[in-house]
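I have placed the structure first, in the form of structure tokens, so that the comments after it can refer back to it.
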Amino acid sequence: MDPKQRLSTGLSAEDEMLIVAFRKPTLLSLDDCLYALQRTIPHLTRSSQHRCPQRHGISRLSEICNKPAKQRFKSYPLGYFHLDWRKLITFRDFLAATTN
């Protein structure tokens, strides 16, 4: 997928390619991707990391993975405790997993 026209950006083409290559298979949120990629791309900011997937058409996770729309939580009796968690991976972990 070709990106839309690049106007003014602080990211090189290689940086954008890296962001897109990381975002597609991991399906992490933008903030999680930012956390994982900031060590690899030190000049990466939240706004530039937000605009890059928009240019490449992968900014909305629901459009990428074709998941059904989110629904409300099921009603549980009083006292039930719900906890969501996700393991964050760094780019170094991602590279190690893809090269093995």
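Give me the pairs, please: first residue somewhere in region 81-100 and under 13 Å from L27 (Cα atoms), second residue anywhere and among the charged types (D, E, K, R) and surrounded by 11 or more Cβ atoms within 10 Å (Cβ to Cβ), beta-carbon distance under 6 Å, and either six or more positions apart or on two chains.
Close Cβ pairs satisfying both conditions: L88/D32.
Show the residue pairs that are 6+ apart or on different chains and have beta-carbon atoms under 8 Å apart, the first residue being within region 21-38 and at positive phi, the second being modelled with pLDDT under 85.
L27/L61; L27/I64; L27/C65
Identify all residues within region 29-63 that are β-branched (V, I, T), surrounded by 15 or more Cβ atoms within 10 Å (Cβ to Cβ) and either in contact with a strand residue (DSSP E or B) (Cβ under 8 Å, 6 or more places away or on another chain) or modelled with pLDDT of 85 or more (or both); write none if there are none. Full working, then the answer.
Initial filter on region 29-63 (β-branched (V, I, T)): 40-41, 45, 58.
Next, from what is left, pick out any that are surrounded by 15 or more Cβ atoms within 10 Å (Cβ to Cβ): 40-41, 58.
Selection gives T40, I41.
Looking only at region 13-63, which residues are closer than 24 Å to T99 by Cα, outside any helix (DSSP H, G or I) and among the β-branched types (V, I, T)?
Answer for region 13-63, where residues must be closer than 24 Å to T99 by Cα, outside any helix (DSSP H, G or I) and among the β-branched types (V, I, T): T40, I41, I58.
Give the residue that is modelled with the lowest pLDDT, with candidates limited to residues of region 1-17 that are within 16 Å of Q54 (Cβ to Cβ) and either polar (S, T, N, Q) or surrounded by 15 or more Cβ atoms within 10 Å (Cβ to Cβ) (or both).
Within region 1-17, the match that is modelled with the lowest pLDDT is S8.
The values are calculated or read from the model by the stated rules, or taken from the named source; none is laboratory data. Please read all numbers here as calculations on a predicted model, not as lab measurements. Neighbour counts are summed over all protein chains in view; Cβ atoms, including those assigned to glycine, are modelled from backbone coordinates with ideal geometry.
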